[in-house]
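The structure appears below as structure tokens.
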Amino acid sequence: MTVAIRGTLWYHFATGHGLRGQMTSEFTLTAAHEWIAHDPFGRPKPTDVSANAHSITNDQGAATLCAARNGYVSFRVLVQGAGEYRLSASMRGGLEVDLSRAWYHRMAADEGEPPQWWPDALVPVRGRKTYQLPDPDNAIDGQTTQEFWVDVFVPKDAKPGVVSGRVRLSTGGETVSLPVKVRVLETALPDEPCVTVDHNSYSAGMDAVPRGQLTSPRVWRRPIADLHNRHRLFHEHRGVFHNLGYKQSGAVEPIYGPRVEGRGRDLRLVDWELFDQYHGPLLDGSAFATAAPGAPAPRRAAAPIWGAYTPINPIWPADYLWWGEKGYEVEFTRGVRQFDAHLREKGWTHSRMQFFFNHKKRHRWFEWDGDEPKFLKDMGYHKEMIRMWESVTADSPVPWVYRMDASWQMKNQFAVLAGHRNMWVCGGFITWYPDEVRQVMARGEIVWWYGGTPPIHTASSGILSAIYRTWARGVQGFCAWSTVNPGKDPWFDCNGCATGLLYPGDRFGIPGPIPSIRLKIERNGIQDIDLLDRVTKEAGNADALREDWRRSIPIPVWEKPSPSAYSLPPEDWDSPTLAAEHEPVYQADETLDPSWWQHIRGRALA
Amino acid sequence: MAKLNAKARKMLATMKDVARVATAMVDGEEAQAMITERAAHHVANPDPKYRSMAGDYYDVDHATFLRIKKTLIRLERVAGFPCNARLWLTLDVLEDQVTTACQVGPISRWPKFGRATIPLDGELAECLGSGQTVVLDPEDDTELLTVLAPVFDSLGDAVGVVELTTQHPAAKRIAPIWN
């Protein structure tokens with residue numbers, strides 16, 4: 001039901017949500033909660049409709065928000081009407097506002113089915129740009145609503161108290177205003193998040209290279225810039241980014257590793273130019289002194305990246321022809337020693353350099369699984385690789401780690417690989433092993449887990465569950481396995497973009513990636529967890545409080561293993577016998593109310 | 001479309017020589033036996049509901065695979081120019097299909113990343129059926145040069161094919177090396 005009262009538009013959904021906006025004869029501005037998306041006709045996304053009202057407007061029609069210093073608070077603005085308009089936003093008290101227009105993705109539909117359109121990609125509003133409703137670029141018949149995303153950044157030195165601001169729409173000489181009030185808290189977010197939320201990806205995305213130009217800096221300029229910009233966007237959103245530079249065959253793209261020259265005792269790593277161009281600004285942190293194209297100036301301090309994959313794999317730097325023979329060890333140790341020496345010489349000793357195997361035997365390049373070993377017999381290869389690697393990096397100031405992405409054999413691997421500088425990235429079976437995970441962490445090893453990203457059409461708050469699980473388990477990080485590939489046509493034939501949280505900005509004249517609403521919601525969730533973590537630690541009984549949270553949030557954190565997991569060895573496990581999915585695909589919990597995170601936010605901002 | 005110039009003809013001639021060596025060196029029966037029975041079953045019978053299960057169960061005998069892999073590496077190097085080797089194999093449990101059993105470089109005429117099998121037809125079927133080296137028409141639009149070498153078991157039956165593929169010397173772009 002929609003009722004217009006004295007120029008103020010009220011929305012009431014059957015669920016009890018309340019939204020209020022300001023209206024002229026032609027346009028209406030309405031504030032909406034960050035977790036409630038609306039389609040181009042003003043209807044809320046069904047998966048976002050909550051049994052609990054979470055209006056963000058007060059009785060005077062102002063959007064009312066609360067924020068810690070050194071962090072963001074966000075909301076959506078719905079522009080409804082027809083014709084040309086401009087939109088701007090401002091805040092007093094030194095608070096900064098970033099306004100972005102949401103793109104409505106036409107979701108793939110079966111033939112004959114009407115298409116659905118949901119917002120996700122965010123195009124920065126720059127200058128005094130004029131928009132139209134319906135938006136000719138988005139090309140939606142009968143569009144009546146355009147969603148904008150508003151980020152308000154509260155600097156560390158902002159004065160606590162209520163700060164006012166406004167979103168303004170101007171059209172044909174008229175102005176419509178939406179008042180905004182932000183209550184700035186005394187508390188400030190820590191500079192570094194308490195959990196590491198990683199966004200993974202593979203290769204620089206080059207389809208082919210002109211003959212003779214494989215190592216040409218000109219050819220690699222744009223891919224390197226794109227990678228740096230992805231790092232920048234994820235960094236500004238309190239996350240990190242990983243990009244693997246070799247694939248199943250072991251072949252290494254030239255920006256990820258120097259050229260290997262000579263063999264055996266004469267092996268040398270040469271031509272570091274492209275490697276340095278890509279890695280240098282990330283490993284010394286200078287890449288983060290500037291913003292990605294179209295993004296606001298950096299608000300987080302520039303710092304070296306958390307960590308990076310290295311190109312080391314079964315065929316780099318050593319020749320696999322000699323595997324199992326002394327020549328392999330000579331080449332491997334010479335190459336890794338020179339790689340380590342280069343990092344030390346450059347002073348790149350702050351980021352965790354990851355010795356990691358990504359290959360799977362199913363692709364037939366190798367006889368053993370580097371990634372997610374299913375067969376315990378393959379662990380002999382890992383142990384041999386670790387032995388050689390440690391022989392040349394044990395005393396290095398470079399914080400090397402042996403990264404193991406573990407699933408089937410996780411429990412056995414925890415034991416078999418004990419005593420090394422391990423970084424575990426665990427699949428969904430981690431939920432079965434709370435005691436083992438605690439023991440591994442007590443040994444000083446890093447534990448992350450990995451999973452998928454919610455597609456656009458699922459609940460907007462769904463992306464928060466991974467952050468909660470990470471914190472509630474007490475592990476250090478979460479890796480979303482694929483995050484920069486939104487599909488062939490994310491604009492008009494969208495598959496949900498479960499493998500993309502960034503979009504190419506070229507369509508909008510931006511020579512770099514642009515963020516998504518899901519990324520914004522994720523960032524805000526990380527902020528909440530940072531505040532919650534501080535509260536529990538300050539209370540002095542963090543473990544007990546964490547347990548309380550596990551009881552009050554209806555998301556399983558630890559679970560009993562499937563009965564088959566007790567009776568069968570991991571070599572005999574599969575999804576049917578376990579009655580559990582092990583693939584890193586996001587699975588929405590349909591019993592979860594879309595506003596479930598409010599419980600956490602309420603405590604975080606209390 | 002790349003033309004078959006003198007350089008390409010010379011490369012093909014070299015690859016045919018390498019193919020003869022491949023036929024002599026690769027033991028098809030040993031290759032078939034290196035794949036575990038359960039792995040072969042899942043390759044032949046992928047579960048439509050659990051698409052990754054065939055891959056999850058894929059397993060080989062380490063020593064045999066390594067021996068074949070090293071043989072393919074050496075074959076690549078015999079050519080003297082970048083040339084990738086891949087062993088396609090028939091299995092008793094597969095009907096009218098072949099599976100990749102082992103590969104070295106990333107370039108292939110049939111790059112089916114993530115797929116366990118491809119149909120046994122065209123030049124692959126011709127090579128297996130005739131037991132002869134087959135040279136693929138280089139004047140198509142793939143900009144690839146390919147020679148197929150039959151691989152035999154102890155009964156003299158052709159049970160597999162070593163694919164040798166390289167880029168045409170006139171190819172304008174370098175194929176992605178990072179498959």
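Read-outs: derived from the displayed coordinates by stated rules, not from any lab. In this text the structure is predicted, and so the values were computed from the model without any measurement. Glycine gets a Cβ as well: all are built from the backbone with ideal geometry, and neighbour counts include every protein chain shown.
Couple of notes before you dig in:
- Region A:289-362: C-alpha gyration tensor shape, a/c 1.5 cut-off, then a/b vs b/c: prolate
- Computed over region B:104-162, the percent of Cα pairs more than 18 Å apart is 40.
- Contour excess over end-to-end distance, with Cα ends at residue A:508 and residue A:208 and 0.36 nm allotted per residue: 105.5 nm
- Once the Cα-Cα distance is subtracted from the 0.36 nm per residue extended length, the residue A:43 to residue A:538 segment shows a gain of 174.0 nm.
- Förster-model FRET efficiency, 30 Å R0, residue A:268 and residue A:221, C-beta, rounded to 0.05: 0.70
- Peptide B:46-57 is shielded by partner chain Cβ atoms: per residue, an average of 4 of them sit within 10 Å of its Cβ.
- Restraint check, A:361/B:69; A:383/A:560; A:247/A:488; A:247/A:361; A:247/B:16; A:247/B:112, Cα-Cα greater than 18 Å: A:383/A:560; A:247/A:488; A:247/B:16
- Translational diffusion of the protein assembly as shown, µm² s⁻¹ [Kirkwood Rh, Cα pairs; Stokes-Einstein; 20 °C; 1.002 mPa s]: 75 µm²/s
- The residue list A:94, A:363, A:210 was ranked by how far each Cα lies along the charge dipole of chain A toward its positive end, using unit charges on Cβ atoms, and A:94 comes out on top.
- Note on the protein assembly as shown: dipole from Cβ charges, positive end direction compared against A:439, B:8, B:48; the farthest Cα belongs to A:439.
- Counting only residues at least eight positions apart within a chain, or on another chain, the lysines with an alpha carbon under 27 Å from that of residue A:156 are A:181, A:520, A:537.
- Charge dipole of region A:2-186 (Cα centre as origin; +1 on each Lys and Arg Cβ, -1 on each Asp and Glu Cβ, all else neutral): 940 debye, rounded to the nearest 20.
- Shielding by other protein chains, A:364-375, mean Cβ within 10 Å: 5
- Partner chain coverage, peptide A:317-330 - average Cβ within 10 angstrom: 2
- Student exercise, chain A dipole from Lys, Arg, Asp, Glu Cβ charges, in Debye to nearest 20: 1440 debye
- Magnitude of the charge dipole for region B:1-135, about its Cα centre and with charges confined to Cβ atoms of Lys, Arg (+1) and Asp, Glu (-1), is about 1000 debye.
- Cα-Cα P(r), region B:1-159, percent of pairs per 10 Å interval: 10, 39, 36, 13, 2, 0
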